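A short reminder: the numbers here are calculations on the coordinates, not readings from a lab. Quick caveat, the model's predicted, so the values are computed rather than measured. We place every Cβ from the backbone using ideal geometry, glycine too, and count neighbours over all the protein chains shown.
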């Protein structure tokens, strides 16, 4: 899943920063991107993977690897992030 999430992140963020700067452990804060771009990433993760993650969670984790770890932790839960529908 790390590879899939990395590809999505590079697709979204690559429009604004050089994809060669984006590694799985690169801190988003070091890329000088704004929160709206992180929202766009969250929307794309939901659209492509059905993974509901907030801009705050992405910013707090601060890397592609942390997003993948969050995905792995939450995909086994019957409800995720306060949703009222099963995942």
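Brief remarks follow.
- The convex hull drawn around the Cα atoms of segment 2-74, when projected onto a plane and averaged over every direction, covers 4.0 nm².
- Principal-axis tilt of helix 2-13 within the chain, Cα atoms, nearest 10 degrees: 60
- Among 20, 46, 62, the largest mean-square fluctuation in a Gaussian network model of the chain (Cα springs under 10 Å) belongs to 20.
- Counted by neighbouring Cβ atoms within 10 Å, the residues 15, 40 run from fewest to most as 15, 40.
- Footprinting exposure proxy for 56, 28 (fewest neighbouring C-beta atoms within 10 Å first): 56, 28
- Here 75, 65 are placed in order of increasing Cβ neighbour count within 10 Å, fewest first, which gives 75, 65.
- Angle in degrees between helix 35-49 and the longest Cα principal axis of the chain, rounded to the nearest 10: 50
- Distance in nm between pseudo-label sites at residue 25 and residue 57 (7 Å out along the Cβ direction from Cα): 2.4
- Label separation (residue 7 vs residue 43): 2.2 nm, computed from points 7 Å beyond Cα along the C-beta direction.
- Structure-based [θ]222 nm, the chain - -39500 (n - 2.57) summed over DSSP H runs of at least 4, per residue, nearest 500: -16000 deg cm²/dmol
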